[in-house]
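Shown next, in structure tokens, is the structure this report addresses.
The values are calculated or read from the model by the stated rules, or taken from the named source; none is laboratory data. Please read all numbers here as calculations on a predicted model, not as lab measurements. Here the Cβ is made from the backbone with ideal geometry for all residues, glycine too, and neighbour counts use every protein chain on show.
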């Protein structure tokens with residue numbers, strides 16, 4: 001038989017999970033940001049204690065891919081002779097500020 005404290009912990013955990021789910025849905029995952037259907041699937045499939053970590057990992061992965069794409073484009077832009085000629089034609093001015 002479980003103690004009164006164990007029943008209390010279950011109740012607190014259930015209330016905490018409901019609060020997290022409501023907060024996640026109302027504040028962090030508004031319909032304009034993530035459709036309700038996707039938010040409900042996310043809440044159903046991913047335990048509350050893992051959601052933040054998962055979202056962080058997914059964002060880091062996507063941002064890293066975009067950083068890699070930009071880094072790969074830079075050498076190509078530097079080799080572009082037509083672009084370099086256009087940049088060279090930009091007017092320069094002497095504003096008296098040394099770099």
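Details
- Output for region 5-37, where each listed residue is modelled with pLDDT of 75 or more, part of a helix (DSSP H, G or I) and under 19 Å from residue 47 (Cβ atoms): 9, 10, 11, 12, 13, 14, 15, 16, 17, 18, 19
- For the condition surrounded by 10 or more Cβ atoms within 10 Å (Cβ to Cβ) and modelled with pLDDT of 90 or more, residue 56 qualifies.
- Verdict on residue 86 being modelled with pLDDT of 90 or more and assigned to a helix (DSSP H, G or I): no
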